[in-house]
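Input: a single structure, listed below in structure tokens.
Every number in this text was worked out from the coordinates using simple rules, so none of it is lab data. The model shown is predicted, which means the values in this text are computed figures rather than measured ones. Positions of Cβ are generated from backbone atoms using ideal geometry, with glycine treated the same way; all protein chains shown enter the neighbour counts.
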Amino acid sequence: MPNPFEYRDAVLYCEDVELTKIAEQAGTPCYVYSAGAILSRYRAYDDGLAGLPHRVCYAVKANSNLSVLRLLAQAGAGFDIVSGGELYRVLQAGGDPASVVFSGVGKTRAEIDYALEQGIHNFNCESEAEIALISSLATRLGKTASIAIRVNPDVDAATHPYISTGLKEHKFGIDIAEVESVYQRAATLPGISLDGVSCHIGSQLLAAAPLVEAARKLLALVGRLRAAGIAITELDLGGGLGVPYSPADDKPNIAAFLADIRTLVAGAGLFLLFEPGRSIVAEAGALLSRVLYRKKNGEKEFIIIDASMSELIRPALYDAHHEILPLRQSKFGTVKADVVGPVCESGDFLAVDRTVANVLPGDMVAAMTAGAYGFAMASNYNARPRPCEVLVEGATWRIVRTRETYADLTRGE
């Protein structure tokens, strides 16, 4: 679907719902997600691979709300998880454990046991020690664990250093120059089946070229492994495609990227796995907030809102850009200001020196492209209850996570 957020008669809508109505009834801050946009992005991947044996495994870490997971499970998605807790959430949402791939560099014994007992599809392994542990645990349970080894292809994703994962100096995966010998040693272990090769070179890639380069390297590796007697049947190319957070950003073309991949893998006899997260949910979400105060220090303008780094840490953590839009278009032009929250940190900002609508106290705004790594990275810092989450479907909306209370802040203490 096209952008689910648009102005109609100067009022910002999500699908067919006025965001002001959600903000007034659900309160602020709150996260709002478009079900139609989520499904549209998932189908862009699934349709782009039609005719090839494949599975699109949504990366749960981007947004793990149960209603979002349930929506994707019902559409036929698999899931990419990085913790036992994420597996639990997938199961609670009705996801099929046989559609789950377990990634991550630090899986614990308890998490591996849990995943084996639930019958997940496979493990993306990141070290020889992990492979040995899975072998011993699977053998103890009388199971055979399907594994893929995550290969570090030494491809520069040209993204923020905190979300780049494909170079030799990163903690993820095994260096492609060393991995063939790792496969040979792993082939001698009981309780595992060496079925796949996987990689994930980073996140928020606005150009597909690094992903295509990584795919070429992995296909060559698959050929060498097969020639050595290791019957690889699966290729997991991870996620990583980004979204345009700023109007100046390029918008990756999912269909064109997948067409390139189709050409590369033609005739290879491989089951393909993809693990998109951000590119499915980011643009489907917004964080709604109310303006509390206007303040001026010398020549510096501040717009103080009731959302903060506790609800959207990406600007402080990654110097990330999120468009700030008024829920009702302002009649007072624009102003250059910092948009900041109430948290007692100088790093508590959503925008710095940004030209934004000249909003006044009581007005409401939306931080856009907040469907990924918004609530997922939210915290209770400064003893702030986490906001509610709302799912919009056409002309209807519902709260899919209730707002936390003060009592929730001390539960378990």
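At-a-glance table
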item	result
FRET efficiency for residue 268 and residue 296, using Cβ-Cβ distance with R0 set to 56 Å, rounded to 0.05	0.35
Close Lys-Lys pairs in the range 104-274, where close means Cα under 21 Å and separation is 8 or more or interchain	5
About the Cα centre, charge dipole magnitude for the range 193-340 (Lys/Arg +1, Asp/Glu -1 at Cβ), debye	360 debye
Charge dipole of the chain about the Cα centre (unit charges at C-beta), most positive-ward option of 284, 35, 412	412
Convex hull projection area averaged over all views, the chain, Cα basis, nm²	21.0 nm²
Shape call, the range 171-256: gyration tensor on alpha carbons, a/c limit 1.5	prolate
Viscosity 0.692 mPa s, 37 °C: Kirkwood-radius Stokes-Einstein D of the range 104-274 over Cα pairs, µm²/s	197 µm²/s
Local electrostatic count at residue 89 - Lys and Arg +1, Asp and Glu -1, tallied over other residues with Cβ under 14 Å	-2
Extreme residue, positive dipole direction of the range 104-274, given options 239, 114, 228 (C-beta unit charges)	228
Sum of side-chain charges, residue 102 neighbourhood, beta-carbon under 10 Å (Lys, Arg +1; Asp, Glu -1)	-2
Three principal axis lengths of the range 304-413 [C-alpha, angstrom, descending]	47, 39, 25
Listed residues 23, 95, 4: farthest to the positive end of the dipole of the chain (Cβ charges)	23
Distance in nm between pseudo-label sites at residue 96 and residue 216 (7 Å out along the Cβ direction from Cα)	3.5 nm
Over the range 234-308 - Rg/Rh using Cα atoms and the Kirkwood inverse-distance radius	1.26
Charged-residue dipole, Cβ positions (Lys, Arg, Asp, Glu), the range 104-274 about Cα centre, Debye nearest 20	320 debye
Relative contact order of the range 104-274, defined on C-alpha pairs under 8 angstrom at six or more residues apart (%)	20 percent
Average silhouette area of the range 25-151, convex hull of alpha-carbon atoms, in square nanometres	9.4 nm²
Nearest-20 debye value, the chain charge dipole, Cβ charges on Lys, Arg, Asp, Glu	320 debye
